[in-house]
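For reference, the structure discussed in these notes is given below.
The values are calculated or read from the model by the stated rules, or taken from the named source; none is laboratory data. Everything quoted here is computed from the prediction, not taken from an experiment. No Cβ is skipped: glycine too gets one built from the backbone with ideal geometry, and neighbour counts run over all protein chains shown. Please note that ligands, DNA and RNA were not included when accessible areas were found on the heavy atoms of the full protein model with its side chains. Shrake-Rupley method; radii C 1.70, N 1.55, O 1.52, S 1.80 Å.
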Amino acid sequence: MDRITNIMICGGLVLLFYTTVLSMIFCDLWAGIRKAKKRGEYRTSEGYKRTISKIAKYYNMLLALTAVDIVQISMLFYLHIGYGYDIPMLPLFTLVGTLYIAFVEIKSIKEPANVKELKQQEDFKRMCMSLAKDYGHPEEMIMDIISSMGDSQQEQMLNRLKKHMEKKQE
């Protein structure tokens, strides 16, 4: 097989690697949507924005690795033409990057649905403990927690608190 054919095969492999990464990201998105449904969680555009951000981050990394592979393959091509060395040309750096991304995405897909919920509960608990240290009055702490929520969540929480206070006064 001549070197030009080998370079074309390398280009095909790089295309295959890029396609594999994109399919892994979409598999993770699908798994995330399934897990959110299972938890009864409302799906917002934030999760989709994170997916777009992930695509950009992964492809930035892959493009840099592909640039390194281009330099590496060019040097191997030069060594073959100029000195007769017959070293196989493969996009090794892009392959390693693709395997790393695939590992991360498979790990994310296999994570049980309740892991995210447990992490959120831990984060909320830490936040409450931190606020409890900072405030002497529970009312101030509750109002700060409510103010950190989104607008619709604030309304719901304030309505619940009003109902709770009304029941308490009865």
Segment 2-28: number of residues that are open to solvent by less than 40 Å² (accessible area, probe 1.4 Å) and more than 27 Å from VAL104 (Cβ to Cβ): 2
Test result for PHE103, surrounded by 10 or more Cβ atoms within 10 Å (Cβ to Cβ), modelled with pLDDT of 90 or more, under 29 Å from ILE7 (Cα atoms) and touching a helix residue (DSSP H, G or I) at 6+ places or on another chain (Cβ under 9 Å): no
When residues of segment 34-58 are limited to those that are open to solvent by less than 60 Å² (accessible area, probe 1.4 Å) and at pLDDT 90 or above, the one farthest from GLY97 (Cα to Cα): THR51
Residue match in segment 63-73 (condition: open to solvent by 40 Å² or more (accessible area, probe 1.4 Å) and in a loop (DSSP other than H, G, I, E, B)): no
Pair list, Cβ < 7 Å and 6+ apart or interchain, from segment 121-137 residues that are modelled with pLDDT under 75 and part of a helix (DSSP H, G or I) to residues that are of a type in the set (Val, Ile, Thr) and surrounded by 10 or more Cβ atoms within 10 Å (Cβ to Cβ): LEU131/ILE145
Unmet criterion (only one of (1) in contact with a Lys or Arg (Cβ under 7 Å, 6 or more places away or on another chain); (2) modelled with pLDDT of 90 or more; (3) of a type in the set (A, V, I, L, M)) for ILE9: (1)
Flag for THR19 being closer than 25 Å to ALA102 by Cβ and in contact (Cβ under 8 Å) with a residue 24 or more places away in the chain: no
Failed item, numbered, when PRO88 is tested on (1) in a helix (DSSP H, G or I); (2) modelled with pLDDT of 75 or more: (1)
Test: GLU155 is open to solvent by less than 100 Å² (accessible area, probe 1.4 Å), at pLDDT below 90 and among the acidic types (Asp, Glu): no
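Quick one: which residue in ARG50, ARG34 is basic (Lys, Arg), part of a helix (DSSP H, G or I) and under 15 Å from the mean Cα position of the chain (by Cα)? Let's see the steps before the verdict.
On the way: ARG34 fails: under 15 Å from the mean Cα position of the chain (by Cα).
It is ARG50.
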